[in-house]
1. Among ALA239, VAL183, GLY255, which residue has its Cα furthest toward the positive end of the charge dipole of region 177-259, with +1 on Lys/Arg Cβ and -1 on Asp/Glu Cβ?
2. Where the centre of each part is set by its Cα atoms, how far does region 145-215 sit from region 349-410, in angstrom?
3. Taking other Cβ within 10 Å of each residue's Cβ, how do LYS430, LYS473 sort, fewest first?
4. Given that just one value was derived from the coordinates, which of [x] 38; [y] 12; [z] 20 is percent of Cα pairs over 46 Å apart?
5. May I ask for the distance between the Cα centers of region 576-613 and region 519-573, given as a whole number of Å?
6. Label-point separation (nm) for ALA308 and ALA213, each offset 7 Å from Cα along Cα-to-Cβ?
7. Using only the alpha carbons of region 531-624, determine the length spanned along each of the three principal axes and report them from longest to shortest in whole angstroms.
8. Tell me the mean residue ellipticity at 222 nm calculated for the chain from its helices only (DSSP H runs of n ≥ 4, each -39500 (n - 2.57), averaged over every residue, nearest 500).
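Bear in mind that the values in this text are calculations on the coordinates, not laboratory data. Here the structure is a predicted model, which means the values were calculated and not measured. Positions of Cβ are backbone-derived with ideal geometry, glycine not excepted, and every protein chain shown enters the neighbour counts.
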Amino acid sequence: MIIATAGHVDHGKTSLVGLLTGVQTDQLEEERARGLTIDLGFAHTTIQGASFGFVDVPGHIRFINNMLAGVSAVDLALLVVAADDGIMPQTREHLAILHALAVPQLIVVLTKSDRVTAEQCQTVTESIKDLLAPTTYAGAKIVACSGVTGIGRQDLEKALIEASTEARLRSDVGYFRMAVDRVFTAKGAGTIVTGAIIDGSIAIADTIHEVSAQQPFKVRSIQRHGSASDIAMAGDRVALNLTGPQAGLKQLVRGAWLTANPTLRPHHHIDVLLHVQSTEVKPLRHWTPAHVYHSAQHTLGHLATLEAPKMLPNETGLVQVVCKAPLSACVGDKIIFRDQGATRTIASGIVVDPIAKGRGRAKPSRLKLLNALANAAHFDDYAQVCLDTMPGGVPVSDFARNLNWLPATIQAWLKNNKQTLLLDQCLVTKKAFDQAQTALIQGLSRFHKDNPAAEGMNVSALSGVLPRNYLFKTAIIDQLKKTGTIVVVGTIARLPGAIVKLPEATQRLLDRLRPLLAETPLQPPVIHDLSERLGVPPKSLLQQLQPAVKAGLLVQPVKNRLFLPESIQTFTSLITELAGDNGFSVQQFRDAAGIGRNLCIELLEYFDGKGITRRDGNVRFLRI
């Protein structure tokens, strides 16, 4: 269980941690000289077999950045209030931050209780109850204690044991994700990073990376709550000994995010459901500058209100955070905002869309989606809202990036959601898939009605019946082919019952032409040769066959040759086989097809124009 201290400066947080663990967490010379905690301190102990890790945070307002870095991923907070001072400014602000971050449990420790009378203790206790009343911590235990004499230690340890039995179970099914709050070098070991694991698990020899640089690091060893371990999971506080490129290791600082998620990238625009602090006296206006805190990461940014020009104190609404340095956030992460001068906390937010777009951010359709996502109670509900509102499908990578879902997590979700399909590396509802199939069949039917002389519709044109953002067009056409709902010959699709009505002269000429083209289907005779064999002048031949070309019964990829559709399909299959990851050359295509070099070049230029291949120097790659 990870515990953070909180409270006003000089109220005894460090002494309290020392009492419970025997560790002096103030390590800096300046801290010891001034008797003031400046940076985060760490300690651990075991009480009645239960393991507790402590993060001691500074209470002075000047070091609020360090405080925020220490409380972002804890299970319980000890709100420390000195009995002789009572509630002070940082008592209130730290409590507001704990509440905003949704720290699950809180215990109030009334320190220095040996210095005051019983009446004074009671008065401060009542004021603390009043302070907690409007928060989720109303009714939290208040334990009187002294970090100097040890009075109340047993009562506090009993409260900690009781809290540990109610600690939340963190999810370890996602990718490993951890915000770094300390980096140092140990002699003989190298680079050490510490932090609390937010999601997933980590084991010795695992490969992870920092999200901004994407440089891989190997985990050489793990310390979990101060003890060597082979593995650690979400909710554990760890120290990781990393190996990897020295340039990458040197760039690791507080606020860096380490992960095993290959899709996780930082982003400058984040949509959040923001709550303005009730203590604010002025509205929060559009484009308010603010300090932005995401776990141990700190940057500057602006708050773009999405639903109104301003938000009143204690009001909740949608806001887009536009950050100077990108944030590595996932859905559900908590963010704290302080004013431009970093003197007070002004708002808190929950991430709704971690990779938002700046353009069109306040469109009505966009706001409708964001409100639906914000109201999703669980990640499963969030995923379903995405699918219901995006009939064109959602890339699997989006779920991995935004929800930090492993492939196994996605598969398990699919197993429990029978109305969702996985197609072309995207997820789509069965309802949307069925509607898209109907739209394609209706589009093809209209084409036949409007073009009775055409054998069918080009497959790329048929795909265009669906909106551009539909990600599963190939899969849906394949499904229609498989079920026999449509027939595809070469690049032409038609309904099974469609009948082509060519002019009589064209049909007679086509019947005579087909056997000639089939003799050498990959290198048919040129137009001049066909003209002599058929006894029709070249110009007249092409004119009479144009209806057949428009109908898709013939293909003219080059100026002086006609091909059967089956031949073009053979070339397409050949290109697919040749391409691979490294592409193919004209010579490789010539050797595989067994045709002349000039014809090869002409055909490949035709396939380039059709978007089937892409030329890069002397090599071509497959586009489809």
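1. VAL183
2. Between the Cα centre of region 145-215 and that of region 349-410, the gap is 29 Å.
3. LYS430, LYS473
4. Identified label for the calculated read-out: [x].
5. 19 Å
6. That separation, rounded to one decimal, is 4.6 nm.
7. The Cα atoms of region 531-624 stretch 46, 24, 20 Å along their principal axes.
8. Computed mean residue ellipticity for the chain: -10500 deg cm²/dmol.
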